[in-house]
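Undergrad: Below: one structure in structure tokens.
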Amino acid sequence: MQAVKESYLMNTYSRFPVKIVKGKGCYVWDDEGNKYLDFTSGIATCNLGHVPEPVKQALIEQLDNLWHCSNLYHIPSQEILASLLVENSCFDQVFFCNSGAEANEAAIKLARMYANQHKKSADIVTFTQSFHGRTLATLTATGQEKIQHGFAPLVPGFTYLPYNDMASLEQLRKLKPAAVLFEFVQGEGGVIPADKDWLRELAKICHSENILLIADEVQTGMGRTGELFAYEHYGIEPDVMTLAKGLGSGFPIGAMLAKKEVAEYFKPGTHGSTFGGNPLATTAGIATVKQFLETDLLISAQNQMELLKNKLIKLQSEFPWIKTVRGVGFLLGLEIDGEADKVVKLAIKEKTLILTAGPRVIRILPPLIATEAEIDLFIARLKTVLAAYEHESSKISGAK
Ligand SMILES: Cc1ncc(COP(=O)(O)O)c(C=O)c1O
């Protein structure tokens, strides 16, 4: 690994000293030809693995036809992708954009438009430890001080409630906000799945008080949790859902889906984006969604998800400082009595990419195509990494 030289890029990321130049399936390669097992999927984005063949072929064809067209004209690939999403979800209409933050921004705008026209509070409730993006409205929606720090004044009209806390739901009835924006599994906030009873109660209150339920499925969507959309696990139907990350298999695209009664509040001129629904991006989206609809990808992924979780749970007896193994599908977290970033750095030495989710949580996001052999390889390498960390650290309580 080479030392990182001074860069002309703004210093917004603390990057690992690895230059990734190529990817295929569950693997990426650096500029020195080293091959890494990528169990980050580009942070839950390359759900079909790197450079998936069907998406690549669709993009190559589209490259010959049309790269960009303004939204002043009809774009056929937008219509096709919208119909695939609508016909396979509980939503009726779609707005396309370019990222998760933009999808949430669109949802916030739609909720405000809806509330203002109904002459009700335009406030939005979100949850502590949530993550919704880095635009001004979405970082305000994000219930983490460290993300908001330095950006005052924030956008007015956001209230934060504790996540998974039944007692505080009563406050919702009093607040009567325009909408509640939430994640089914708080990814960035520490891989914390929503409690089913809490979520059902939340949905019940929203429904009875005419509060819009907005599901941020930017990280949980597109098969990450074992269903195409995470809401399918919970038996509730949100009014609005946002997607990005996995929707384009790595090609930038975001989407905000809504039920008709809400979607109709967006009219010509109320919202837009030059690149939103770009022909290349929506072509990548179509090819991606078709993989879920036309192959047994999800069924085989569900088996591997169970396998990996069980193997991680087994590791707890060997490494008792793994306090919890949690998460849904291939959005998994190991809460450790140790420093997660140090483990992630050691994993790079073992040619394995994993992530953190806060200081004490290791986040594991394999591509949905990961095979049993790749899971075994991952577990073998993770064991080496955990043993090396144990060896390096004398501070871990309970370490052997
Ligand atoms: C749940 C959630 N919402 C929104 C975002 C923001 O997405 P983007 O980085 O594409 O703007 C993320 C990104 O990690 C996310 O995990």
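The values are calculated or read from the model by the stated rules, or taken from the named source; none is laboratory data. The structure displayed is predicted, hence computed values, not measured ones. Cβ atoms come from the backbone with ideal geometry, glycine included; neighbour counts cover every protein chain shown. The accessibility values were calculated without ligands, DNA or RNA, using every heavy atom of the protein model including side chains. Shrake-Rupley method; radii C 1.70, N 1.55, O 1.52, S 1.80 Å.
Undergrad: Within segment 240-249, is there a residue that is among the basic types (Lys, Arg), modelled with pLDDT of 95 or more and surrounded by fewer than 24 Cβ atoms within 10 Å (Cβ to Cβ)?
TA: no
Undergrad: To continue, here is another question. Could you tell me which numbered condition residue 324 fails, if it satisfies all but one of (1) part of a helix (DSSP H, G or I); (2) closer than 29 Å to residue 144 by Cα; (3) hydroxyl-bearing (Ser, Thr, Tyr)?
TA: Of (1) part of a helix (DSSP H, G or I); (2) closer than 29 Å to residue 144 by Cα; (3) hydroxyl-bearing (Ser, Thr, Tyr), only one is false for residue 324: (1).
Undergrad: Consider segment 206-232. How many of its residues are open to solvent by 10 Å² or more (accessible area, probe 1.4 Å) and either away from the ligand (no atom under 16 Å from the Cβ) or of a type in the set (S, T, N, Q) (or both)?
TA: 8
Undergrad: Here is a follow-up. What are the residues in segment 257-285 that are buried (at least 23 other Cβ atoms within 10 Å of the Cβ) and closer than 20 Å to residue 52 by Cα, if any?
TA: 278, 281, 282, 283, 284, 285 - these are the residues of segment 257-285 that are buried (at least 23 other Cβ atoms within 10 Å of the Cβ) and closer than 20 Å to residue 52 by Cα.
Undergrad: If I ask for residues that are among the small types (Gly, Ala, Ser) and in contact with a strand residue (DSSP E or B) (Cβ under 8 Å, 6 or more places away or on another chain), which ones from segment 127-149 would you list?
TA: Listed by number, the residues that qualify are 130, 141, 143.
Undergrad: Oh, and also: Considering 322, 336, 354, 348, which residue is more than 23 Å from residue 14 (Cα to Cα) and buried (at least 17 other Cβ atoms within 10 Å of the Cβ)?
TA: On the way: 336 fails: more than 23 Å from residue 14 (Cα to Cα); 354 fails: more than 23 Å from residue 14 (Cα to Cα); 348 fails: more than 23 Å from residue 14 (Cα to Cα).
Criteria check complete, one pass: 322.
Undergrad: Tell me whether segment 383-393 contains one or more residues that are touching a residue at least 24 places away in the same chain (Cβ under 8 Å), in a loop (DSSP other than H, G, I, E, B), under 26 Å from residue 19 (Cα atoms) and not basic (Lys, Arg).
TA: No, segment 383-393 contains no residue that is touching a residue at least 24 places away in the same chain (Cβ under 8 Å), in a loop (DSSP other than H, G, I, E, B), under 26 Å from residue 19 (Cα atoms) and not basic (Lys, Arg).
Undergrad: Against the definition (closer than 15 Å to residue 253 by Cα and of a type in the set (A, V, I, L, M)), how does residue 55 come out, yes or no?
TA: Criteria met by residue 55.
Undergrad: Could you tell me whether residue 350 is among the charged types (D, E, K, R) and outside the structural domain of residue 379 (by TED's automatic domain parsing)?
TA: No: the conditions fail for residue 350.
Undergrad: Might you check whether a residue that is in the same structural domain as residue 115 (by TED's automatic domain parsing), touching a His at 6+ places or on another chain (Cβ under 6 Å) and on the phi < 0 side of the Ramachandran plot occurs anywhere in segment 215-226?
TA: Looking for residues that are in the same structural domain as residue 115 (by TED's automatic domain parsing), touching a His at 6+ places or on another chain (Cβ under 6 Å) and on the phi < 0 side of the Ramachandran plot, one finds at least one in segment 215-226, hence yes.
Residue-by-condition table, conditions (1) modelled with pLDDT of 95 or more; (2) in contact with a Ser or Thr (Cβ under 8 Å, 6 or more places away or on another chain); (3) part of a helix (DSSP H, G or I):
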{"site": "256", "(1), (2), (3)": "yes, yes, no"}
{"site": "262", "(1), (2), (3)": "yes, no, yes"}
{"site": "272", "(1), (2), (3)": "yes, no, no"}
{"site": "282", "(1), (2), (3)": "yes, yes, yes"}
{"site": "289", "(1), (2), (3)": "yes, no, yes"}
{"site": "298", "(1), (2), (3)": "yes, no, yes"}
{"site": "308", "(1), (2), (3)": "yes, no, yes"}
{"site": "332", "(1), (2), (3)": "yes, no, no"}
{"site": "342", "(1), (2), (3)": "yes, yes, yes"}
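Undergrad: So, one more: Kindly evaluate residue 235 against the criterion of being surrounded by fewer than 22 Cβ atoms within 10 Å (Cβ to Cβ) and modelled with pLDDT under 95. Can you show your working first?
TA: Details: surrounded by fewer than 22 Cβ atoms within 10 Å (Cβ to Cβ): yes; modelled with pLDDT under 95: yes.
So residue 235 fits the description; yes.
Undergrad: Moving on to the next point. When you look at residue 358, is it in the same structural domain as residue 38 (by TED's automatic domain parsing) and at positive phi, yes or no?
TA: Criteria met by residue 358.
Undergrad: Here's another thing I want to ask about it. Anything in segment 357-378 that is within 21 Å of residue 250 (Cα to Cα), open to solvent by 10 Å² or more (accessible area, probe 1.4 Å) and hydrophobic (A, V, I, L, M, F, W, C)? List them, or say none.
TA: 369 - this is the single residue of segment 357-378 that is within 21 Å of residue 250 (Cα to Cα), open to solvent by 10 Å² or more (accessible area, probe 1.4 Å) and hydrophobic (A, V, I, L, M, F, W, C).
Undergrad: Just to confirm my filter: which strands (runs of 3 or more DSSP E) fall fully inside segment 83-197 and include at least 1 residues that are open to solvent by 70 Å² or more (accessible area, probe 1.4 Å) and within 12 Å of the ligand (Cβ to nearest atom)?
TA: It comes to none.
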